[in-house]
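Q: This is the structure, below, for whatever I ask next.
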Amino acid sequence: MGRDDDDGTTELCHADLSIRVVPRSFLPDSEITFNRCRSGEHAGPVQRAPIAELLDTAAFQRRLTAANGDVGAPRLAAAA
């Protein structure tokens, strides 16, 4: 079980992309935040998405592509 100060946040940082999931976010439909990175450093505006999109990998990949171009698309396709 998590502690009171543990909000369940998970982060994925890559050279091209950063994704953060906060399952108990205060803002509805914004549990996922993602943005483009350049050499591991944040380099673009933060985008938001509802956590339900993680259940549909194709929809989430379309949102990533629409917001950030095809960054990471081949890697995401290989992982799906």
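Q: Can you run down the residue pairs with Cβ atoms below 7 Å, 6 or more apart or on separate chains, where the first is in the stretch 38-51 and on the phi < 0 side of the Ramachandran plot and the partner is open to solvent by 90 Å² or more (accessible area, probe 1.4 Å)?
A: Pro50/Asp29
Q: Confirm whether Leu27 is surrounded by fewer than 16 Cβ atoms within 10 Å (Cβ to Cβ), among the aliphatic types (A, V, I, L, M) and free of Cβ contacts under 8 Å to residues at least 12 places away in the same chain.
A: Values: surrounded by fewer than 16 Cβ atoms within 10 Å (Cβ to Cβ): yes; among the aliphatic types (A, V, I, L, M): yes; free of Cβ contacts under 8 Å to residues at least 12 places away in the same chain: no.
Spelling it out, it is not the case that Leu27 is surrounded by fewer than 16 Cβ atoms within 10 Å (Cβ to Cβ), among the aliphatic types (A, V, I, L, M) and free of Cβ contacts under 8 Å to residues at least 12 places away in the same chain.
Q: Search the stretch 55-80 for residues being at pLDDT 80 or above and basic (Lys, Arg), and hand back the single one that is nearest to the chain's Cα centre (by Cα). Spell out the reasoning first.
A: The initial filter retains those residues of the stretch 55-80 that are at pLDDT 80 or above, namely 55-66.
Then keep just the ones that are basic (Lys, Arg); that gives 62-63.
On the way: Arg62: 12, Arg63: 10 Å.
The extreme case among them is Arg63.
Q: In addition: Scan the stretch 36-54 for residues that are open to solvent by 90 Å² or more (accessible area, probe 1.4 Å) and modelled with pLDDT of 85 or more and jot them down.
A: Of everything in the stretch 36-54, those that are open to solvent by 90 Å² or more (accessible area, probe 1.4 Å) and modelled with pLDDT of 85 or more turn out to be Pro45, Arg48.
The values are calculated or read from the model by the stated rules, or taken from the named source; none is laboratory data. In this text the structure is predicted, and so the values were computed from the model without any measurement. All Cβ positions, even for glycine, are placed from backbone atoms using ideal geometry, and neighbour counts span all protein chains on display. The protein model used for the area step is the full one, side chains on, heavy atoms only, and it has no ligands, DNA or RNA in it. Shrake-Rupley method; radii C 1.70, N 1.55, O 1.52, S 1.80 Å.
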